[in-house]
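Everything on this sheet refers to the single structure shown next.
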Amino acid sequence: MAPSTPSCELGHVRFIPLTYDSQSDNGEEHASARKLILTLVPEWAETDGSKLKFVRFTDGITNTLLKVVNQKPGLSNADLDRDAILLRAYGKGTAILIDREREAANHELLMKYDLAPALLARFENGMLYRYISGTPATHADLRETSTLLAVARRLAQWHATVPCISDVSLKPNGAANGISHTNGNTDKNIIENTAPGKPAPNLWTVMHKWILALPQNTQAERERQDLLLREMKYLVEKLSQRPGLGQDGLVFAHCDLLCANIIMHKVGDNATNGHSQSNGASTSNGKSATETVSFIDYEYATPSPAAFDIANHFAEWAGYDCDYNMVPTKAHRHAFISQYVKTYIELTGEELDHEEATQKLFDEVDIFRGVPGFYWGIWSLIQAMISDIDFDYAAYAESRLGEYWAFKAEADGSRAASGKEMPLRERTWAKAE
């Protein structure tokens, strides 16, 4: 059976009372990062030829991510990577979107199941954890059979073995950056009862919280919020009580499984984080095959229907550019879900017919395919207000919400009735191969 809700004793990670400053104090490059690292590991002081190396990752559009390597003389790159530390500093204003206490609890919980690297410390605006050696996936990698199946196995492992946390409180968002609420206590009660009978927080409470965090300063903003609240109610009534895998139809879901959050461990790689070396096989095109994968970044992880987590991963195949030609076809989705169900049955011992369970989940994912667009569309509307990152969140919000409206028009038949052409994303999703 799927794991029951735990009474988790979490929150024992060291706290360092320092702040990462992306501007760097006194103009020295990486000055605040250096101070954080040396507070955590003072033995990394740059002596005897050792030197700290900082590598900035740029795939994300929310947080700052630095890989810090202690370059000791005479060590191989593999040895250096084994001790490397990742510094992740939270994006501006993202406390409106993300419960950072819950994120830390998620990380600690995943550590207990050997599904996350060691969380070494937290600081005022971020965290420090061990680097996972491997290669971040690209959008093209997601279509490779070996990677597709490895992701399916890993996601099934998350859903089958990690219990949902329900004892971390869902905090209402306070006023920040021009985004405010009318009544925090009232909002909290409303949010927690978004999906009756489901332990909070969950997918539905998170989306409801985000909608209530949207600005209401103009008539247009109020009308948009009212529209999104109506759609939220529609989705909750239609989807929240559907039976599904896990206790109460919820699993411990990643909810942000884009390619940059998938680390591939290729056949023949040195063993890392429990991933063993294999026989050096390769794919038909000569590239080294993906043997296993790890997932990183757990800030959005929350109890959700398994069908949403899978549909969300499929939606991420399109990337930030929203290239809907890349959306997985029926063949891709069926292969993924078949492998997922096989692994899920093996890990839980549930007496499910593989073929029947695969078809049922395939159909559920199809029903949930529009929800990721709604989820990330709301998220992007908030980011457009708070972020100082050079990314057009407003345009991205329209693209993602457009995915939801296109899905709904297919589901209710209004697109066909109007005689309009089926949108590209829906056409690609409907392809057999």
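Read-outs throughout are calculated quantities, based only on the coordinates presented, and are distinct from any laboratory measurement. Given the structure is predicted, the values throughout are model-derived calculations rather than measurements. Every residue, glycine as well, gets a Cβ built from its backbone with ideal geometry; the counts of neighbours run over all protein chains shown.
Quick look at the values:
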read-out: Cross-link reach list, lysines versus Lys360, counting only Cα pairs under 21 Å and skipping chain neighbours closer than eight places; value: Lys238, Lys330, Lys342, Lys408, Lys431
read-out: Mean Cβ count within 10 Å, highest first, over the residues of peptides 194-200, 123-129; value: 123-129, 194-200
read-out: Contour minus Cα-Cα distance for Asp83 and Ala220 (0.36 nm per residue); value: 44.2 nm
read-out: Approximate spin-label separation Asp353-Ile190, in nm, with each point projected 7 Å along Cα-to-Cβ; value: 4.5 nm
read-out: Segments 341-347, 407-413 sorted - mean Cβ within 10 Å per residue, highest first; value: 341-347, 407-413
read-out: For segment 216-266: rounded, prolate or oblate by the Cα gyration tensor [a/c cutoff 1.5]; value: oblate
read-out: Rel. contact order, % - alpha carbon contacts under 8 angstrom, at least six apart, segment 345-408; value: 35 percent
read-out: Formal net charge of residues neighbouring Thr358 (Cβ-Cβ distance under 12 Å; K, R +1; D, E -1); value: -2
read-out: Cα→Cβ-extended label distance, 7 Å offset, between Leu424 and Ile389, nm; value: 2.3 nm
read-out: Shape call, segment 360-433: gyration tensor on alpha carbons, a/c limit 1.5; value: prolate
read-out: Segment 310-433 shape via C-alpha gyration tensor axes, a/c threshold 1.5; value: oblate
read-out: Given charges at Cβ of Lys, Arg, Asp, Glu: segment 317-415 dipole, positive-most of Trp405, Tyr375, Thr343; value: Trp405
read-out: Summed residue charge, Cβ within 10 Å of Thr329's Cβ, Lys/Arg positive, Asp/Glu negative; value: +3
read-out: J(HN,Hα) series, segment 363-378, from Karplus relation 6.51 cos²θ - 1.76 cosθ + 1.60, nearest Hz, glycine and proline x; value: 5, 5, 4, 4, 5, 8, 5, x, 5, x, x, 5, 4, 6, x, 4
